[in-house]
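Trainee: Got a structure here, written out as C-alpha coordinates. Questions coming.
The values are calculated or read from the model by the stated rules, or taken from the named source; none is laboratory data. It should be emphasised that the depicted structure is a prediction, and the values quoted were computed from it without experimental measurement. Here Cβ is always computed from backbone atoms with ideal geometry, including for glycine, and neighbour counts include all displayed protein chains.
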Amino acid sequence: MDKVTVIGAGLAGCEAALALAKHNIQVDLIDIKPKNFTPAHKNPNFAELVCSNSLKSQRLETASGLLKEEMRILDSVVIEAAEATKVPAGDALAVERNSFSEYISNKIRHNKSINIITKEITEIPQDTGFYVIATGPLTSNSLAKNIEVFFGSENLSFFDAAAPIVDGESLDYNKVFWASRYGRGGADYLNSCLTKAEYERFYSELINAETVKLKDFEQTEFKVFSGCMPIETIAKGGYDSLRFGPLKPVGILDHNNKEKPFAVVQLRKENNRGTLFNLVGFQTNLKWNEQKRVFRLIPGLEEAEFIRYGVMHRNTFINSPRLLDNCFRSREHKNLFFAGQLTGVEGYLESAASGLFVGLNLARMLCGKKLQPLEPCSMIGALANYISCEANANNFQPMNSNMGILSPLTERVKNKQERYKQLANLAIDAVKRWRNNEI
Ligand SMILES: Cc1cc2nc3c(=O)[nH]c(=O)nc-3n(C[C@H](O)[C@H](O)[C@H](O)COP(=O)(O)OP(=O)(O)OC[C@H]3O[C@@H](n4cnc5c(N)ncnc54)[C@H](O)[C@@H]3O)c2cc1C
(Lines give C-alpha, C1' and ligand atoms only; values in the text may rest on other atoms or scores of the structure.)
Protein backbone atom coordinates (compact mmCIF):
# COMPACT_ATOMS: atom_id res chain seq x y z
CA MET A 1 0.00 0.00 0.00
CA ASP A 2 1.40 3.41 -0.99
CA LYS A 3 2.05 5.98 1.69
CA VAL A 4 2.67 9.70 1.45
CA THR A 5 4.18 11.89 4.16
CA VAL A 6 2.78 15.40 4.31
CA ILE A 7 4.95 17.81 6.28
CA GLY A 8 3.01 20.79 7.65
CA ALA A 9 -0.68 20.65 8.61
CA GLY A 10 -1.57 24.17 7.50
CA LEU A 11 -4.03 25.05 4.77
CA ALA A 12 -2.04 23.34 2.02
CA GLY A 13 -1.01 20.30 4.06
CA CYS A 14 -4.56 19.58 5.28
CA GLU A 15 -6.00 19.81 1.77
CA ALA A 16 -3.27 17.50 0.43
CA ALA A 17 -3.68 14.96 3.24
CA LEU A 18 -7.47 14.75 2.93
CA ALA A 19 -7.34 14.55 -0.88
CA LEU A 20 -4.89 11.64 -0.66
CA ALA A 21 -6.90 9.92 2.07
CA LYS A 22 -10.04 10.17 -0.05
CA HIS A 23 -8.27 7.97 -2.60
CA ASN A 24 -7.33 5.45 0.09
CA ILE A 25 -3.70 6.50 0.25
CA GLN A 26 -2.19 6.22 3.73
CA VAL A 27 -0.88 9.56 4.97
CA ASP A 28 1.52 10.51 7.73
CA LEU A 29 0.72 14.15 8.51
CA ILE A 30 3.48 15.86 10.49
CA ASP A 31 3.37 19.22 12.23
CA ILE A 32 5.32 20.89 15.03
CA LYS A 33 1.94 21.89 16.51
CA PRO A 34 0.74 21.71 19.22
CA LYS A 35 4.13 21.06 20.89
CA ASN A 36 5.72 24.10 19.23
CA PHE A 37 4.42 27.08 17.29
CA THR A 38 5.80 29.39 14.61
CA PRO A 39 5.81 33.10 15.62
CA ALA A 40 2.34 33.60 14.03
CA HIS A 41 0.53 30.35 14.90
CA LYS A 42 -1.28 30.20 18.25
CA ASN A 43 -4.10 27.68 17.88
CA PRO A 44 -3.40 23.98 18.62
CA ASN A 45 -5.75 23.03 15.76
CA PHE A 46 -4.56 22.60 12.16
CA ALA A 47 -5.31 24.86 9.16
CA GLU A 48 -5.03 27.98 11.23
CA LEU A 49 -5.80 31.38 9.70
CA VAL A 50 -2.97 33.45 11.13
CA CYS A 51 -4.33 36.91 10.32
CA SER A 52 -7.52 38.00 8.57
CA ASN A 53 -10.61 35.77 8.80
CA SER A 54 -11.65 36.63 5.24
CA LEU A 55 -11.29 34.38 2.21
CA LYS A 56 -12.22 37.32 0.00
CA SER A 57 -14.88 37.78 -2.67
CA GLN A 58 -17.32 35.08 -3.72
CA ARG A 59 -18.17 36.69 -7.05
CA LEU A 60 -17.23 34.44 -9.93
CA GLU A 61 -15.91 37.31 -12.06
CA THR A 62 -13.20 38.02 -9.47
CA ALA A 63 -9.96 36.07 -9.20
CA SER A 64 -10.64 34.84 -5.67
CA GLY A 65 -14.28 34.02 -6.50
CA LEU A 66 -13.12 31.94 -9.45
CA LEU A 67 -10.46 30.21 -7.36
CA LYS A 68 -13.10 29.28 -4.78
CA GLU A 69 -15.35 27.82 -7.48
CA GLU A 70 -12.47 25.74 -8.86
CA MET A 71 -11.72 24.47 -5.36
CA ARG A 72 -15.39 23.68 -4.81
CA ILE A 73 -15.39 21.57 -7.99
CA LEU A 74 -12.39 19.68 -6.64
CA ASP A 75 -14.13 19.07 -3.30
CA SER A 76 -11.93 21.31 -1.17
CA VAL A 77 -12.14 20.88 2.59
CA VAL A 78 -11.19 24.54 3.11
CA ILE A 79 -14.23 25.67 1.13
CA GLU A 80 -16.43 23.11 2.88
CA ALA A 81 -15.20 24.30 6.31
CA ALA A 82 -15.58 27.96 5.32
CA GLU A 83 -19.18 27.41 4.28
CA ALA A 84 -19.91 25.56 7.51
CA THR A 85 -18.40 28.27 9.72
CA LYS A 86 -19.08 31.45 7.77
CA VAL A 87 -19.96 34.80 9.32
CA PRO A 88 -21.79 37.63 7.49
CA ALA A 89 -19.32 39.65 5.39
CA GLY A 90 -21.18 41.10 2.39
CA ASP A 91 -20.12 39.38 -0.80
CA ALA A 92 -16.95 38.04 0.83
CA LEU A 93 -16.57 34.62 2.43
CA ALA A 94 -15.41 35.20 6.00
CA VAL A 95 -15.26 32.60 8.75
CA GLU A 96 -15.29 32.18 12.50
CA ARG A 97 -11.61 31.26 12.64
CA ASN A 98 -11.55 28.85 15.61
CA SER A 99 -14.53 26.86 14.35
CA PHE A 100 -12.97 26.81 10.87
CA SER A 101 -9.72 25.23 12.11
CA GLU A 102 -11.59 22.91 14.44
CA TYR A 103 -13.82 21.71 11.58
CA ILE A 104 -10.82 20.77 9.42
CA SER A 105 -8.86 19.31 12.35
CA ASN A 106 -11.79 17.04 13.26
CA LYS A 107 -11.98 15.77 9.69
CA ILE A 108 -8.27 14.95 9.85
CA ARG A 109 -8.45 13.34 13.31
CA HIS A 110 -11.40 11.14 12.38
CA ASN A 111 -9.89 9.98 9.10
CA LYS A 112 -8.57 6.42 9.46
CA SER A 113 -6.11 6.86 6.57
CA ILE A 114 -4.33 9.77 8.26
CA ASN A 115 -1.77 9.23 10.98
CA ILE A 116 -0.95 12.46 12.83
CA ILE A 117 2.61 12.90 14.07
CA THR A 118 3.74 15.81 16.22
CA LYS A 119 7.36 16.69 15.53
CA GLU A 120 9.58 19.18 13.81
CA ILE A 121 11.10 18.01 10.57
CA THR A 122 14.57 19.49 10.34
CA GLU A 123 15.78 17.98 7.07
CA ILE A 124 14.33 17.26 3.66
CA PRO A 125 13.95 13.47 3.65
CA GLN A 126 16.50 11.71 1.42
CA ASP A 127 14.78 8.32 1.05
CA THR A 128 12.63 7.36 -1.91
CA GLY A 129 9.22 7.76 -0.20
CA PHE A 130 6.71 10.31 -1.46
CA TYR A 131 6.64 13.63 0.41
CA VAL A 132 4.57 16.79 0.23
CA ILE A 133 6.44 19.62 1.95
CA ALA A 134 4.00 22.35 3.01
CA THR A 135 5.59 24.07 5.98
CA GLY A 136 4.45 27.52 4.93
CA PRO A 137 5.78 31.06 5.08
CA LEU A 138 7.13 30.56 8.58
CA THR A 139 8.89 27.23 7.99
CA SER A 140 10.94 26.51 11.11
CA ASN A 141 14.52 27.73 11.03
CA SER A 142 16.25 24.37 11.05
CA LEU A 143 14.23 23.06 8.11
CA ALA A 144 14.71 26.34 6.23
CA LYS A 145 18.48 26.09 6.74
CA ASN A 146 18.42 22.53 5.44
CA ILE A 147 16.40 23.59 2.37
CA GLU A 148 19.16 26.12 1.70
CA VAL A 149 21.76 23.36 1.83
CA PHE A 150 19.62 20.97 -0.23
CA PHE A 151 18.73 23.38 -3.06
CA GLY A 152 21.39 26.09 -2.61
CA SER A 153 21.01 29.34 -0.66
CA GLU A 154 20.18 31.25 -3.86
CA ASN A 155 16.99 29.19 -4.12
CA LEU A 156 15.39 30.11 -0.80
CA SER A 157 14.06 33.51 0.26
CA PHE A 158 13.12 34.59 3.78
CA PHE A 159 11.38 37.79 2.96
CA ASP A 160 8.97 39.22 0.42
CA ALA A 161 10.21 42.51 -0.84
CA ALA A 162 7.89 42.81 -3.78
CA ALA A 163 7.18 45.83 -5.92
CA PRO A 164 3.62 46.28 -7.22
CA ILE A 165 2.67 44.62 -10.50
CA VAL A 166 0.39 46.32 -12.99
CA ASP A 167 -1.52 45.04 -15.99
CA GLY A 168 0.19 46.14 -19.24
CA GLU A 169 -3.20 46.75 -20.88
CA SER A 170 -4.05 49.43 -18.34
CA LEU A 171 -1.03 51.67 -19.12
CA ASP A 172 -1.15 54.80 -21.28
CA TYR A 173 1.28 54.17 -24.14
CA ASN A 174 1.16 57.82 -25.19
CA LYS A 175 3.16 58.45 -22.04
CA VAL A 176 5.19 55.28 -21.35
CA PHE A 177 7.66 54.07 -23.95
CA TRP A 178 10.08 51.20 -24.53
CA ALA A 179 13.79 51.89 -23.99
CA SER A 180 16.74 50.78 -21.92
CA ARG A 181 19.23 53.06 -20.18
CA TYR A 182 21.94 54.29 -22.57
CA GLY A 183 20.32 52.06 -25.22
CA ARG A 184 22.18 49.08 -23.76
CA GLY A 185 20.74 45.67 -24.61
CA GLY A 186 17.24 45.59 -26.04
CA ALA A 187 14.55 48.19 -25.35
CA ASP A 188 13.35 45.97 -22.54
CA TYR A 189 11.85 48.49 -20.09
CA LEU A 190 8.78 50.65 -20.19
CA ASN A 191 9.73 54.15 -19.07
CA SER A 192 7.74 56.98 -17.59
CA CYS A 193 9.40 60.41 -17.46
CA LEU A 194 8.49 62.92 -14.75
CA THR A 195 8.85 66.68 -14.93
CA LYS A 196 10.02 68.59 -11.84
CA ALA A 197 6.43 69.47 -10.93
CA GLU A 198 5.26 65.86 -11.39
CA TYR A 199 8.15 64.58 -9.29
CA GLU A 200 7.45 67.05 -6.48
CA ARG A 201 3.82 66.05 -6.25
CA PHE A 202 4.68 62.34 -6.32
CA TYR A 203 7.45 62.80 -3.75
CA SER A 204 5.33 64.74 -1.33
CA GLU A 205 2.43 62.21 -1.50
CA LEU A 206 4.85 59.29 -1.13
CA ILE A 207 6.57 60.49 2.04
CA ASN A 208 3.23 61.30 3.67
CA ALA A 209 1.39 58.13 2.66
CA GLU A 210 0.20 55.60 5.25
CA THR A 211 2.27 52.45 5.74
CA VAL A 212 1.51 48.97 7.10
CA LYS A 213 2.84 48.22 10.56
CA LEU A 214 5.18 45.21 10.60
CA LYS A 215 4.43 42.44 13.12
CA ASP A 216 6.75 42.38 16.16
CA PHE A 217 8.61 39.25 15.01
CA GLU A 218 9.02 40.76 11.56
CA GLN A 219 10.65 43.94 12.79
CA THR A 220 13.79 42.14 14.01
CA GLU A 221 13.85 39.62 11.19
CA PHE A 222 13.29 42.33 8.61
CA LYS A 223 16.58 43.96 9.60
CA VAL A 224 18.40 40.64 9.23
CA PHE A 225 16.95 39.46 5.95
CA SER A 226 15.93 42.42 3.88
CA GLY A 227 18.54 43.66 1.48
CA CYS A 228 16.30 46.30 -0.05
CA MET A 229 14.65 49.35 1.46
CA PRO A 230 11.03 50.35 0.89
CA ILE A 231 10.75 53.16 -1.65
CA GLU A 232 9.04 55.43 0.90
CA THR A 233 11.99 54.97 3.29
CA ILE A 234 14.46 55.86 0.54
CA ALA A 235 12.33 58.93 -0.23
CA LYS A 236 12.37 60.05 3.39
CA GLY A 237 16.19 60.22 3.09
CA GLY A 238 15.81 63.53 1.22
CA TYR A 239 14.21 65.30 -1.71
CA ASP A 240 16.74 63.97 -4.25
CA SER A 241 17.25 60.49 -2.82
CA LEU A 242 14.90 58.85 -5.33
CA ARG A 243 16.66 60.66 -8.18
CA PHE A 244 19.88 58.97 -7.09
CA GLY A 245 18.05 55.68 -6.63
CA PRO A 246 15.14 53.98 -8.43
CA LEU A 247 14.02 57.15 -10.26
CA LYS A 248 17.42 58.23 -11.55
CA PRO A 249 17.01 60.27 -14.74
CA VAL A 250 20.13 59.03 -16.51
CA GLY A 251 20.56 57.28 -19.83
CA ILE A 252 16.98 58.00 -20.98
CA LEU A 253 15.56 60.85 -23.04
CA ASP A 254 11.88 61.68 -22.86
CA HIS A 255 10.42 60.25 -26.07
CA ASN A 256 7.82 62.98 -26.29
CA ASN A 257 10.06 66.09 -26.14
CA LYS A 258 13.54 64.49 -26.53
CA GLU A 259 14.64 66.30 -23.37
CA LYS A 260 16.44 65.00 -20.32
CA PRO A 261 13.73 64.14 -17.79
CA PHE A 262 13.77 65.22 -14.14
CA ALA A 263 13.10 61.64 -12.97
CA VAL A 264 12.34 58.29 -14.63
CA VAL A 265 10.26 55.36 -13.41
CA GLN A 266 11.02 52.07 -15.13
CA LEU A 267 8.69 49.09 -15.50
CA ARG A 268 10.04 45.62 -16.15
CA LYS A 269 8.27 42.60 -17.65
CA GLU A 270 7.08 40.30 -14.88
CA ASN A 271 6.09 37.33 -17.06
CA ASN A 272 7.36 35.84 -20.30
CA ARG A 273 4.23 36.88 -22.17
CA GLY A 274 4.93 40.52 -21.27
CA THR A 275 1.42 41.22 -20.06
CA LEU A 276 2.39 42.14 -16.48
CA PHE A 277 4.94 44.73 -15.34
CA ASN A 278 6.59 45.49 -12.03
CA LEU A 279 7.67 48.97 -10.98
CA VAL A 280 11.43 48.64 -10.69
CA GLY A 281 12.75 49.46 -7.20
CA PHE A 282 9.26 50.09 -5.78
CA GLN A 283 9.35 47.57 -2.91
CA THR A 284 6.98 49.15 -0.48
CA ASN A 285 5.19 48.93 2.82
CA LEU A 286 2.48 51.43 1.85
CA LYS A 287 -1.10 50.36 2.51
CA TRP A 288 -2.71 48.99 -0.65
CA ASN A 289 -5.13 51.89 -1.18
CA GLU A 290 -2.21 54.29 -0.73
CA GLN A 291 -0.15 52.45 -3.36
CA LYS A 292 -2.99 52.84 -5.82
CA ARG A 293 -3.42 56.53 -4.99
CA VAL A 294 0.26 57.51 -5.00
CA PHE A 295 1.61 55.32 -7.81
CA ARG A 296 -1.19 56.40 -10.12
CA LEU A 297 0.41 59.87 -10.02
CA ILE A 298 3.17 58.50 -12.26
CA PRO A 299 2.55 59.61 -15.86
CA GLY A 300 1.03 56.75 -17.87
CA LEU A 301 -0.14 54.93 -14.74
CA GLU A 302 -3.20 57.11 -14.06
CA GLU A 303 -5.54 54.18 -14.81
CA ALA A 304 -3.11 51.40 -13.85
CA GLU A 305 -4.73 48.20 -12.68
CA PHE A 306 -2.80 46.70 -9.83
CA ILE A 307 -2.54 42.95 -10.30
CA ARG A 308 -0.55 42.58 -7.09
CA TYR A 309 0.35 45.26 -4.57
CA GLY A 310 3.85 45.65 -3.21
CA VAL A 311 4.50 43.88 0.09
CA MET A 312 7.38 43.54 2.48
CA HIS A 313 6.91 40.80 5.03
CA ARG A 314 8.42 37.63 6.42
CA ASN A 315 7.87 34.81 3.93
CA THR A 316 9.90 31.69 3.32
CA PHE A 317 9.65 30.52 -0.29
CA ILE A 318 11.72 28.49 -2.71
CA ASN A 319 12.72 29.52 -6.20
CA SER A 320 9.98 27.51 -7.88
CA PRO A 321 10.75 28.57 -11.48
CA ARG A 322 14.11 26.83 -11.03
CA LEU A 323 13.07 23.96 -8.81
CA LEU A 324 9.50 22.84 -9.56
CA ASP A 325 7.45 21.68 -12.50
CA ASN A 326 3.84 22.70 -13.15
CA CYS A 327 2.60 19.90 -10.89
CA PHE A 328 4.54 21.36 -7.92
CA ARG A 329 6.99 18.46 -8.15
CA SER A 330 10.74 18.89 -7.75
CA ARG A 331 12.28 18.76 -11.21
CA GLU A 332 15.28 16.87 -9.83
CA HIS A 333 13.85 14.80 -6.97
CA LYS A 334 10.74 13.21 -8.44
CA ASN A 335 9.43 11.91 -5.10
CA LEU A 336 9.33 15.41 -3.56
CA PHE A 337 6.30 17.65 -3.97
CA PHE A 338 5.88 21.10 -2.49
CA ALA A 339 2.66 22.95 -1.71
CA GLY A 340 1.40 26.13 -0.14
CA GLN A 341 3.08 29.42 0.39
CA LEU A 342 6.54 27.81 0.44
CA THR A 343 6.20 27.41 -3.35
CA GLY A 344 5.58 31.12 -3.96
CA VAL A 345 1.82 31.10 -4.26
CA GLU A 346 0.54 33.81 -1.96
CA GLY A 347 -2.59 33.80 0.19
CA TYR A 348 -4.82 31.46 2.19
CA LEU A 349 -6.83 30.19 -0.76
CA GLU A 350 -3.91 29.97 -3.16
CA SER A 351 -1.98 27.91 -0.59
CA ALA A 352 -4.93 25.62 0.07
CA ALA A 353 -5.64 25.22 -3.66
CA SER A 354 -2.06 24.17 -4.39
CA GLY A 355 -2.24 21.54 -1.62
CA LEU A 356 -5.53 20.25 -2.99
CA PHE A 357 -4.14 20.00 -6.52
CA VAL A 358 -0.95 18.26 -5.34
CA GLY A 359 -2.90 15.79 -3.19
CA LEU A 360 -5.33 14.87 -5.99
CA ASN A 361 -2.62 14.64 -8.61
CA LEU A 362 -0.31 12.54 -6.45
CA ALA A 363 -3.23 10.22 -5.67
CA ARG A 364 -3.85 9.94 -9.42
CA MET A 365 -0.19 9.01 -9.94
CA LEU A 366 -0.17 6.46 -7.14
CA CYS A 367 -3.27 4.88 -8.67
CA GLY A 368 -1.23 4.14 -11.80
CA LYS A 369 -2.07 7.16 -13.96
CA LYS A 370 0.21 9.99 -15.06
CA LEU A 371 0.56 13.28 -13.19
CA GLN A 372 -1.52 15.79 -15.09
CA PRO A 373 -1.02 19.56 -15.02
CA LEU A 374 -4.09 21.79 -14.91
CA GLU A 375 -4.52 23.98 -17.96
CA PRO A 376 -3.30 27.56 -17.38
CA CYS A 377 -6.71 28.90 -18.41
CA SER A 378 -7.83 27.81 -14.92
CA MET A 379 -6.74 29.81 -11.87
CA ILE A 380 -5.05 26.86 -10.16
CA GLY A 381 -3.35 25.87 -13.42
CA ALA A 382 -2.27 29.47 -14.02
CA LEU A 383 -0.73 29.73 -10.53
CA ALA A 384 1.14 26.46 -11.07
CA ASN A 385 2.26 27.61 -14.51
CA TYR A 386 3.31 31.02 -13.18
CA ILE A 387 5.48 29.82 -10.33
CA SER A 388 7.07 27.01 -12.35
CA CYS A 389 7.47 28.46 -15.86
CA GLU A 390 6.22 32.00 -16.41
CA ALA A 391 7.92 33.88 -13.59
CA ASN A 392 11.43 35.23 -13.86
CA ALA A 393 13.70 32.89 -11.88
CA ASN A 394 16.28 35.63 -11.35
CA ASN A 395 13.84 37.85 -9.50
CA PHE A 396 11.16 35.47 -8.33
CA GLN A 397 8.46 36.98 -6.13
CA PRO A 398 5.30 35.24 -4.90
CA MET A 399 2.03 35.58 -6.78
CA ASN A 400 -1.61 35.59 -5.74
CA SER A 401 -4.59 34.69 -7.88
CA ASN A 402 -5.45 37.35 -10.44
CA MET A 403 -7.04 37.48 -13.86
CA GLY A 404 -3.75 38.66 -15.44
CA ILE A 405 -2.05 35.26 -15.08
CA LEU A 406 -4.79 33.28 -16.87
CA SER A 407 -4.14 32.33 -20.51
CA PRO A 408 -5.58 35.17 -22.57
CA LEU A 409 -8.75 34.79 -24.61
CA THR A 410 -8.15 34.13 -28.28
CA GLU A 411 -10.11 37.27 -29.19
CA ARG A 412 -9.83 40.61 -27.42
CA VAL A 413 -12.90 41.47 -25.32
CA LYS A 414 -12.80 45.13 -24.35
CA ASN A 415 -15.51 45.09 -21.69
CA LYS A 416 -13.79 43.97 -18.50
CA GLN A 417 -16.80 42.30 -16.92
CA GLU A 418 -17.57 40.35 -20.06
CA ARG A 419 -13.87 39.41 -20.42
CA TYR A 420 -13.71 38.11 -16.84
CA LYS A 421 -16.94 36.18 -17.32
CA GLN A 422 -15.58 34.44 -20.41
CA LEU A 423 -12.28 33.70 -18.64
CA ALA A 424 -14.16 32.23 -15.66
CA ASN A 425 -16.27 29.95 -17.90
CA LEU A 426 -13.16 28.60 -19.64
CA ALA A 427 -11.47 28.05 -16.27
CA ILE A 428 -14.38 26.12 -14.84
CA ASP A 429 -14.63 23.89 -17.91
CA ALA A 430 -10.89 23.15 -17.69
CA VAL A 431 -11.10 22.17 -14.01
CA LYS A 432 -14.07 19.91 -14.68
CA ARG A 433 -12.18 18.22 -17.53
CA TRP A 434 -9.21 17.67 -15.22
CA ARG A 435 -11.39 16.31 -12.42
CA ASN A 436 -13.19 13.96 -14.79
CA ASN A 437 -9.86 12.67 -16.18
CA GLU A 438 -10.79 13.96 -19.61
CA ILE A 439 -7.31 15.39 -20.09
C1 LIG B 1 1.83 36.77 9.65
C2 LIG B 1 1.13 36.34 8.41
C3 LIG B 1 -0.13 36.84 8.10
C4 LIG B 1 -0.81 36.42 6.95
N5 LIG B 1 -2.03 36.93 6.67
C6 LIG B 1 -2.71 36.51 5.58
C7 LIG B 1 -4.03 37.01 5.32
O8 LIG B 1 -4.57 37.79 6.08
N9 LIG B 1 -4.67 36.57 4.20
C10 LIG B 1 -4.09 35.67 3.35
O11 LIG B 1 -4.73 35.30 2.37
N12 LIG B 1 -2.85 35.20 3.58
C13 LIG B 1 -2.14 35.58 4.67
N14 LIG B 1 -0.87 35.10 4.91
C15 LIG B 1 -0.23 34.27 3.91
C16 LIG B 1 -0.54 32.77 3.80
O17 LIG B 1 -1.57 32.60 2.91
C18 LIG B 1 -0.85 32.01 5.03
O19 LIG B 1 0.29 32.07 5.80
C20 LIG B 1 -1.25 30.53 4.77
O21 LIG B 1 -1.60 29.98 5.99
C22 LIG B 1 -0.21 29.67 4.10
O23 LIG B 1 -0.63 28.32 4.03
P24 LIG B 1 0.43 27.13 4.10
O25 LIG B 1 -0.35 25.88 4.19
O26 LIG B 1 1.40 27.27 3.03
O27 LIG B 1 1.22 27.38 5.47
P28 LIG B 1 0.66 27.40 6.97
O29 LIG B 1 -0.81 27.53 6.99
O30 LIG B 1 1.49 28.39 7.68
O31 LIG B 1 1.01 25.93 7.49
C32 LIG B 1 2.33 25.49 7.68
C33 LIG B 1 2.34 24.47 8.80
O34 LIG B 1 3.65 23.91 8.85
C35 LIG B 1 4.06 23.78 10.22
N36 LIG B 1 5.52 23.74 10.23
C37 LIG B 1 6.40 24.75 10.01
N38 LIG B 1 7.65 24.28 10.03
C39 LIG B 1 7.58 22.95 10.27
C40 LIG B 1 8.55 21.91 10.40
N41 LIG B 1 9.85 22.14 10.28
N42 LIG B 1 8.13 20.63 10.68
C43 LIG B 1 6.79 20.37 10.81
N44 LIG B 1 5.83 21.32 10.70
C45 LIG B 1 6.22 22.60 10.41
C46 LIG B 1 3.41 24.97 10.91
O47 LIG B 1 3.21 24.73 12.28
C48 LIG B 1 2.07 25.10 10.16
O49 LIG B 1 1.03 24.40 10.82
C50 LIG B 1 -0.17 35.50 6.06
C51 LIG B 1 1.08 35.00 6.37
C52 LIG B 1 1.73 35.39 7.53
C53 LIG B 1 3.09 34.82 7.83
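Trainee: Would you point out the residue of the stretch 171-204, among those that are modelled with pLDDT under 95 and over 31 Å from the mean Cα position of the chain (by Cα), that is surrounded by the most Cβ atoms within 10 Å (Cβ to Cβ)?
Mentor: That would be Gly183.
Yes/no per residue for (1) farther than 19 Å from Leu383 by Cβ; (2) among the β-branched types (Val, Ile, Thr):
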| residue | (1), (2) |
| --- | --- |
| Leu49 | yes, no |
| Ser54 | yes, no |
| Lys68 | no, no |
| Ile73 | no, yes |
| Ala84 | yes, no |
| Ala92 | yes, no |
| Arg97 | yes, no |
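Trainee: Turning to a different aspect of this structure: For the stretch 22-34, indicate whether the set of residues that are under 19 Å from the mean Cα position of the chain (by Cα) and near the ligand (Cβ under 9 Å from one of its atoms) is non-empty. Can you show your working first?
Mentor: If we filter the stretch 22-34 for residues that are under 19 Å from the mean Cα position of the chain (by Cα), which is where we start, we get none.
Looking for residues that are under 19 Å from the mean Cα position of the chain (by Cα) and near the ligand (Cβ under 9 Å from one of its atoms), one finds none in the stretch 22-34, hence no.
Trainee: Hey, another quick one. Considering only the stretch 168-203, state which residues are within 13 Å of His255 (Cβ to Cβ) and in contact with a Pro (Cβ under 7 Å, 6 or more places away or on another chain).
Mentor: Residues satisfying the conditions are Lys175, Ser192, Cys193.
Trainee: Test of understanding: among Ala19, Ala9, Ala82, Ala47, which residue is near the ligand (Cβ under 10 Å from one of its atoms), crowded, with 20+ Cβ neighbours inside 10 Å and at negative phi? Walk me through how you get there before you give the answer.
Mentor: Working: Ala19 fails: near the ligand (Cβ under 10 Å from one of its atoms); Ala82 fails: near the ligand (Cβ under 10 Å from one of its atoms); Ala47 fails: at negative phi.
After applying the criteria, what remains is Ala9.
Trainee: Next up: Does Ser140 satisfy the condition of being in contact (Cβ under 8 Å) with a residue 24 or more places away in the chain and small (Gly, Ala, Ser)? Can you show your working first?
Mentor: Working: in contact (Cβ under 8 Å) with a residue 24 or more places away in the chain: yes; small (Gly, Ala, Ser): yes.
It is true that Ser140 is in contact (Cβ under 8 Å) with a residue 24 or more places away in the chain and small (Gly, Ala, Ser).
Trainee: Can you name every residue in the stretch 130-143 that is in a helix (DSSP H, G or I) and near the ligand (Cβ under 8 Å from one of its atoms)?
Mentor: Within the stretch 130-143, the subset in a helix (DSSP H, G or I) is 141-143.
Within the stretch 130-143, Ser142, Leu143 meet the criteria.
Trainee: Ok, one more. Can you name every residue in the stretch 396-417 that is within 23 Å of Phe328 (Cα to Cα) and in contact (Cβ under 8 Å) with a residue 40 or more places away in the chain?
Mentor: Matches in the stretch 396-417: Phe396, Gln397, Pro398, Met399, Asn400, Ser401, Asn402, Met403, Gly404, Ile405, Pro408.
Trainee: Please give the number of the condition Leu342 fails out of (1) touching a His at 6+ places or on another chain (Cβ under 9 Å); (2) within 12 Å of the ligand (Cβ to nearest atom).
Mentor: Only one criterion is unmet by Leu342, namely (1).
Trainee: On to the next question. Need a quick list: strands (runs of 3 or more DSSP E) entirely within the stretch 12-125 having at least 1 residues that are charged (D, E, K, R).
Mentor: Values: elements: 26-31, 54-57, 92-95, 114-118.
Hits in the stretch 12-125: 26-31, 54-57.
Trainee: Take Asn315 and tell me if it is surrounded by 24 or more Cβ atoms within 10 Å (Cβ to Cβ) and either among the basic types (Lys, Arg) or at pLDDT below 95 (or both).
Mentor: yes
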